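Peer 1: Okay, here's the structure, questions in a sec.
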Amino acid sequence: MAEVLVLVDHVDGEVKKVTTELLTAARRIGEPSAVWVGEASDSGTAKLAEYGAQKVYTAPAELNDYVVAPTAELLAKLARDTGAAAVLVSATAQNKEVAGRTAVKLGSGVLTDVVDVSADLVTDHSIFGGAMVTKAKVRSGAAVVAVRPNSVPAEPQAGEAAVQAVEVEVPEAAKGARVVERVAQEQGERPELTEAAIVVSGGRGVGSDDFTVVEKLADSLGAAVGASRAAVDAGWYPNQFQVGQTGKTVSPNLYIALGISGAIQHRAGMQTSKNIVAVNKDPEAPIFEIADFGVVGDLHTVAPQLTEEIGKRK
């Protein structure tokens with residue numbers, strides 16, 4: 001069975017949820033092998049083993065001192081050396097660039113913003129703001145696949161996770177861009193937006209920079225907070241929480257849109273959510289076209305009632 005390489009997303013030694021989803025997808029194709037840039041932590045290795053990684057390739061941490069190119073060199077080398085069937089990465093902005101560079105080095109193809117992948121490496125893509133799903137396949141070589149978070153349900157399956165250190169010779173051309181500083185954003189206790197199982201987003205209907213009504217509902221559900229472009233452009237909420245075509249793409253199990261009209265720009269970032277609940281005063285708002293459940297009403301009345309009811313059931 002051919003190996004399938006999975007690039008590990010990790011923060012402070014802890015494996016991010018999207019990596020467990022990638023390992024689950026990789027098991028459909030072949031034998032999952034995790035690729036960890038830096039020294040793998042014991043807890044991280046245990047998590048990789050829990051989700052089926054048979055091997056864990058560790059590369060020198062100094063590869064992280066440069067921007068994307070050395071990681072692509074590493075993945076390409078491992079794919080050639082192991083005869084890997086595919087390389088899977090998360091569909092973040094950075095990793096999509098890694099994917100493109102890796103595919104060029106392998107002379108294969110890259111598939112981005114994938115929402116599902118089959119055993120024969122046919123991938124599903126949500127396009128046109130989620131209005132259509134297309135299928136694609138790389139015609140030759142090891143496919144490089146960037147999968148959206150929350151697209152493949154993570155399913156545990158024990159693996160050996162045998163750790164194996166690897167070295168890669170990085171050409172000078174790949175060291176042209178160096179990371180000079182990293183600034184950690186305050187995350188708080190809420191889950192990361194792109195990985196959250198539940199997202200509560202506020203839009204123009206919030207009416208001001210007081211997002212308390214949105215945040216209280218999110219906190220009652222253990223959810224992440226998002227915002228529409230209109231709310232971000234108005235300065236009501238930080239731009240790192242923007243959901244949409246020019247913001248972040250989310251695909252949670254539950255997406256609650258408060259006071260969001262549902263313009264195509266916003267729908268492009270959340271239409272693949274499993275369940276969509278919309279609250280809007282305008283019964284003709286486009287968001288109701290894609291909502292599974294809709295409430296025509298003032299979010300400042302509906303959301304606090306919902307928050308109160310959730311609190312009663314805890």
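Peer 1: One residue is enough: does the stretch 122-132 have a residue meeting the conditions modelled with pLDDT under 90, farther than 30 Å from P171 by Cα, β-branched (V, I, T) and open to solvent by less than 60 Å² (accessible area, probe 1.4 Å)?
Peer 2: yes
Peer 1: Among A46, A25, A34, A40, which is the only one that is out of contact with any strand residue (DSSP E or B) (no Cβ under 6 Å at 6 or more places or on another chain) and either touching a residue at least 60 places away in the same chain (Cβ under 8 Å) or not acidic (D, E) (or both)?
Peer 2: On inspection, the qualifying residue turns out to be A46.
Peer 1: Restricting attention to the stretch 199-206, does a residue exist that is assigned to a helix (DSSP H, G or I), at pLDDT 95 or above and among the basic types (K, R)?
Peer 2: Yes: the stretch 199-206 contains one or more residues that are assigned to a helix (DSSP H, G or I), at pLDDT 95 or above and among the basic types (K, R).
Peer 1: In the list R178, R148, which residue meets the criterion of being open to solvent by 70 Å² or more (accessible area, probe 1.4 Å) and of a type in the set (K, R)?
Peer 2: Just one listed residue meets the conditions, R178.
Peer 1: Looking only at helices (runs of 4 or more DSSP H) that lie completely in the stretch 222-314, which have at least 2 residues being among the β-branched types (V, I, T), touching a residue at least 60 places away in the same chain (Cβ under 8 Å) and in contact with a strand residue (DSSP E or B) (Cβ under 6 Å, 6 or more places away or on another chain)? Outline the logic, then answer.
Peer 2: Working: elements: 229-233, 264-267, 299-313.
Those helices (runs of 4 or more DSSP H) do not exist here; none qualify.
Peer 1: Quick one: V199 ticks every box in (1) over 16 Å from the mean Cα position of the chain (by Cα); (2) over 29 Å from A79 (Cα atoms); (3) not polar (S, T, N, Q) bar one, so which box is it?
Peer 2: Only one criterion in (1) over 16 Å from the mean Cα position of the chain (by Cα); (2) over 29 Å from A79 (Cα atoms); (3) not polar (S, T, N, Q) is unmet by V199, namely (1).
Peer 1: Name the single residue that is nearest to Q240 (Cα to Cα) among those in the stretch 151-167 being touching a helix residue (DSSP H, G or I) at 6+ places or on another chain (Cβ under 6 Å) and surrounded by 19 or more Cβ atoms within 10 Å (Cβ to Cβ).
Peer 2: V152
Peer 1: Do we find that R229 is of a type in the set (D, E, K, R), surrounded by 19 or more Cβ atoms within 10 Å (Cβ to Cβ) and either under 30 Å from A76 (Cβ atoms) or touching a helix residue (DSSP H, G or I) at 6+ places or on another chain (Cβ under 9 Å) (or both) in this structure?
Peer 2: So R229 passes the test.
The values are calculated or read from the model by the stated rules, or taken from the named source; none is laboratory data. All values derive from a computational prediction rather than experimental measurement. Positions of Cβ are generated from backbone atoms using ideal geometry, with glycine treated the same way; all protein chains shown enter the neighbour counts. Please note that ligands, DNA and RNA were not included when accessible areas were found on the heavy atoms of the full protein model with its side chains. Shrake-Rupley method; radii C 1.70, N 1.55, O 1.52, S 1.80 Å.
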